[in-house]
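Novice: Before anything else, here's the structure in question.
The values are calculated or read from the model by the stated rules, or taken from the named source; none is laboratory data. This structure is a prediction, so every number in the text was calculated from the model and none was measured. Because the Cβ atoms are built from the backbone with ideal geometry, glycine has one as well, and the counts that use them run over all protein chains shown.
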Amino acid sequence: MLRVRSALRGGQEAREIGAGTFACRRCGARLHRSDSGSLESILALATAALVLLMVANRFPVLGLDVNGQRIDTSVIGAVREAVEAQMQPVAVLVR
């Protein structure tokens, strides 16, 4: 989101209340918060999500007991089995 930072009019003052956060001197309302570090935050969250996705796909999430046999599969394995069983709409939904 783009934001236009306007200058204060004559007689108006702002004070810094934190790192990049400003407040009105009269009423104390927050006026501006700096977005510094937002790219770093996005990259950190994206990296964490990628790591968690890789870990989640390594462990079985689907288990089935049939006649005493236990079959476990991951999300990727479930998609692969659905495609092989000609159930592409189900595979798309699971994916």
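Novice: Mind listing just one residue for me: the one in region 55-65 that is among the aliphatic types (A, V, I, L, M) and closer than 11 Å to ILE76 by Cα and, of those, surrounded by the fewest Cβ atoms within 10 Å (Cβ to Cβ)?
Specialist: ALA56
Novice: Tell me which residues, restricted to region 63-73, are of a type in the set (S, T, N, Q) and either at pLDDT 85 or above or in the same structural domain as LEU52 (by TED's automatic domain parsing) (or both).
Specialist: ASN67, GLN69
Residue-wise test of (1) modelled with pLDDT of 75 or more; (2) surrounded by 10 or more Cβ atoms within 10 Å (Cβ to Cβ); (3) not in a loop (DSSP other than H, G, I, E, B); (4) not assigned by TED's automatic domain parsing to the domain that holds VAL92.
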| position | (1), (2), (3), (4) |
| --- | --- |
| ARG3 | no, no, no, yes |
| SER6 | no, no, no, yes |
| ILE17 | no, yes, yes, yes |
| ASP35 | no, yes, no, yes |
| GLU40 | yes, no, yes, yes |
| ALA49 | yes, yes, yes, yes |
| LEU53 | yes, yes, yes, yes |
| ILE76 | yes, yes, yes, no |
